[in-house]
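*Asks:* One structure, pasted below without further comment.
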Amino acid sequence: MSAYPSGRAVVPATVSVFSSPGSWIESAALDQCHQVAALDGMAHVAAMPDLHPGKGAPIGAAMSSTVLYPFLVGSDIGCGIAVFPIALRRVVPERLAARFPDLDRALDPDADDPAWSVLDGEIPAGHLDGLGTVGRGNHFVELARVGPVLAPEHAARLGLDVGDLVLVVHSGSRGLGERILREHTGTHGAGPAPDPDAYLARHDAAVRWGSLNRRLLAARVAYALGAEPTEPVVDQCHNLVEIRDGRYLHRKGAAPGDGRDVLIAGTRGTPSYLVTAHAGPDAGYSVAHGAGRKMSRADALRRGRAKHTVEELRRTPVGSVVVCGDRQLLFEEAPTAYKRIEQVIGDLVAHDLATPIATTVPLVTYKTPDVGRRDERRKDRR
């Protein structure tokens, strides 16, 4: 007999939006929340202040149901954000940016790469494709400095203080999660998992793979910058499903908020926030995972090209450097394409879902390799 929930919700699903009147929430995202609430077995949808429309389901939501729907988790199962302390002697962002390794190139399992030292045990699902790569979209690896500490007792618990350096890694399960979802939707579309136990076994492997990938990425960058890899002080996945209160709790762009420490990403041109979360059942035991988009990628590309040059976007308002060889991605991921992170954090605090611990301020944000510019800088130094 399965230990997982079954049956149907006996009351209509409810939708709660944890934002304020000043928050930017698109009507299309709210429509998607209500569409999800109408699904068979759905009990509750909790929308975070970073809510925005996704492909078929909202991003920035925790959705509780007696039926497991793989499409509510999406293709990047196990995507999350981890924070690793790093010790560097001299911090010159431009020079450090030139030393970042090519994180589009997967680790060679047969090579004697020092990053493999963080591997403990087997590679989940034996999946080697893309291992040690960051991916596209909003994924990144960032060298940041801890800014103002807002809750000293929690910062001390994490071993962090003002001025400390950290690596922030945002990545997921790459092709593994995509393959799992594609194999489901190819037969069942947006319908429920016919065998929840089988889906969860593959899902759990993808979650572990995503966490391993973040560790490998951090190790690759640490060694490239002349530092030793460290254990993460925060590592929370925001695309997953878990069993909670006798139901399947699907999170799509929502971080676990039940007593966890979470990094809520801003943009490459704004601080991010470390918070300690204390969300309850009304919020799906969840908090926001980032600033949340306020422009589609197409709109960000069109508006960005009209307002900015590529060179302008390689430097940010906080003085940090962006490593990105994909010019289109530079515009799509411009800070102006996102909501104000301060508003998102303010909404979480106002709804008593989280307590800010400290900010992290970008120094170098890596998106994709930019080999041409790196070679130019090396020539200039000769």
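*Asks:* Taking the conditions exactly as written (surrounded by 19 or more Cβ atoms within 10 Å (Cβ to Cβ), charged (D, E, K, R) and closer than 30 Å to Ala57 by Cα), does Asp197 satisfy them or not?
*Replies:* Here the answer is no, as Asp197 does not meet what is asked.
*Asks:* Counting only residues that are closer than 23 Å to Ala97 by Cα and part of a loop (DSSP other than H, G, I, E, B), how many does segment 296-347 have?
*Replies:* 12
*Asks:* Considering only residues that are in contact with a strand residue (DSSP E or B) (Cβ under 6 Å, 6 or more places away or on another chain) and not hydroxyl-bearing (Ser, Thr, Tyr), look in segment 59-73 and name the one that is nearest to Pro271 (Cα to Cα).
*Replies:* The selected residue is Gly60.
*Asks:* A further question follows. Can you name the residue in segment 59-71 that is within 11 Å of His250 (Cβ to Cβ) and under 16 Å from the mean Cα position of the chain (by Cα) and is also surrounded by the most Cβ atoms within 10 Å (Cβ to Cβ) among such residues?
*Replies:* Restricting to residues being within 11 Å of His250 (Cβ to Cβ) and under 16 Å from the mean Cα position of the chain (by Cα), the top hit is Ala62.
*Asks:* Determine the pairs where a residue that is closer than 23 Å to Ala87 by Cβ, located within segment 228-240, has a partner that is among the β-branched types (Val, Ile, Thr) and surrounded by fewer than 24 Cβ atoms within 10 Å (Cβ to Cβ) with Cβ atoms under 6 Å apart, the partner being 6 or more residues away or on another chain.
*Replies:* Listed pairs, sorted by first residue: Pro229/Val118.
*Asks:* In this structure, does Asp197 turn out to be in contact with a helix residue (DSSP H, G or I) (Cβ under 7 Å, 6 or more places away or on another chain), among the charged types (D, E, K, R) and over 23 Å from Leu107 (Cβ atoms)? Full working, then the answer.
*Replies:* Values: in contact with a helix residue (DSSP H, G or I) (Cβ under 7 Å, 6 or more places away or on another chain): no; among the charged types (D, E, K, R): yes; over 23 Å from Leu107 (Cβ atoms): yes.
Answer is no for this residue.
*Asks:* With Asp164, Asp108 as the choices, which residue is over 20 Å from Gly80 (Cβ atoms) and either without any contact (Cβ under 8 Å) to a residue 40 or more places away in the chain or of a type in the set (Phe, Trp, Tyr) (or both)?
*Replies:* Numbers: Asp164 fails: either without any contact (Cβ under 8 Å) to a residue 40 or more places away in the chain or of a type in the set (Phe, Trp, Tyr) (or both).
On inspection, the qualifying residue turns out to be Asp108.
*Asks:* Something else: State which residue is surrounded by the most Cβ atoms within 10 Å (Cβ to Cβ) when the search covers only segment 38-55 and only residues that are under 26 Å from Gln343 (Cα atoms) and of a type in the set (Gly, Ala, Ser).
*Replies:* Step by step, filter segment 38-55, then rank; the result is Ala46.
*Asks:* Continuing with the same structure: Could you tell me how many of the residues in segment 341-360 are surrounded by fewer than 18 Cβ atoms within 10 Å (Cβ to Cβ) and under 17 Å from the mean Cα position of the chain (by Cα)?
*Replies:* 0
*Asks:* Separate question: Taking the criterion of being among the hydrophobic types (A, V, I, L, M, F, W, C), at pLDDT below 95 and crowded, with 19+ Cβ neighbours inside 10 Å, would at least one residue in segment 10-23 satisfy it?
*Replies:* Among the residues of segment 10-23, at least one is among the hydrophobic types (A, V, I, L, M, F, W, C), at pLDDT below 95 and crowded, with 19+ Cβ neighbours inside 10 Å, which makes the answer yes.
*Asks:* Here's a follow-up. Filter segment 284-320 down to residues that are more than 20 Å from the chain's Cα centre (by Cα) and of a type in the set (A, V, I, L, M) and give me whichever is farthest from Leu167 (Cα to Cα).
*Replies:* Step by step, filter segment 284-320, then rank; the result is Ala306.
*Asks:* Could you look through segment 261-275, keep only residues that are within 20 Å of Leu51 (Cβ to Cβ) and in a strand (DSSP E or B), and pick out the one that is farthest from the chain's Cα centre (by Cα)?
*Replies:* Restricting attention to segment 261-275, the residues satisfying the condition of being within 20 Å of Leu51 (Cβ to Cβ) are 262-267, 270, 272-273, 275.
Retained after the next criterion (residues that are in a strand (DSSP E or B)): 262-265, 272-273, 275.
Numbers: Val262: 10, Leu263: 9, Ile264: 8, Ala265: 7, Ser272: 12, Tyr273: 13, Val275: 15 Å.
Per the stated criteria, the residue is Val275.
*Asks:* Tally up the residues in segment 100-125 that are within 21 Å of Gly226 (Cβ to Cβ), small (Gly, Ala, Ser) and modelled with pLDDT of 95 or more, please. Steps first, answer last, please.
*Replies:* Step one: of segment 100-125, the residues within 21 Å of Gly226 (Cβ to Cβ) are 100-103, 105, 107, 111-118.
Now restrict to residues that are small (Gly, Ala, Ser): 111, 115, 117.
Checking the rest, the ones that are also modelled with pLDDT of 95 or more come to 115, 117.
Residues in segment 100-125 being within 21 Å of Gly226 (Cβ to Cβ), small (Gly, Ala, Ser) and modelled with pLDDT of 95 or more: 2 in total.
*Asks:* Restricting to segment 236-260, and then to whatever is surrounded by fewer than 21 Cβ atoms within 10 Å (Cβ to Cβ) and not small (Gly, Ala, Ser), can you tell me which residue is nearest to the chain's Cα centre (by Cα)?
*Replies:* Taking segment 236-260 and keeping what is surrounded by fewer than 21 Cβ atoms within 10 Å (Cβ to Cβ), we get 242-246, 258-260.
Among the residues that remain, those that are also not small (Gly, Ala, Ser) are: 242-245, 258, 260.
On the way: Glu242: 17, Ile243: 21, Arg244: 22, Asp245: 25, Asp258: 18, Arg260: 15 Å.
Here the residue is Arg260.
*Asks:* Output the number of the condition that Gly163 fails; it satisfies all remaining conditions of (1) part of a helix (DSSP H, G or I); (2) out of contact with any strand residue (DSSP E or B) (no Cβ under 6 Å at 6 or more places or on another chain).
*Replies:* Result: Gly163 passes all but (1).
The values are calculated or read from the model by the stated rules, or taken from the named source; none is laboratory data. Computed from a predicted structure; not experimentally measured. All Cβ positions, even for glycine, are placed from backbone atoms using ideal geometry, and neighbour counts span all protein chains on display.
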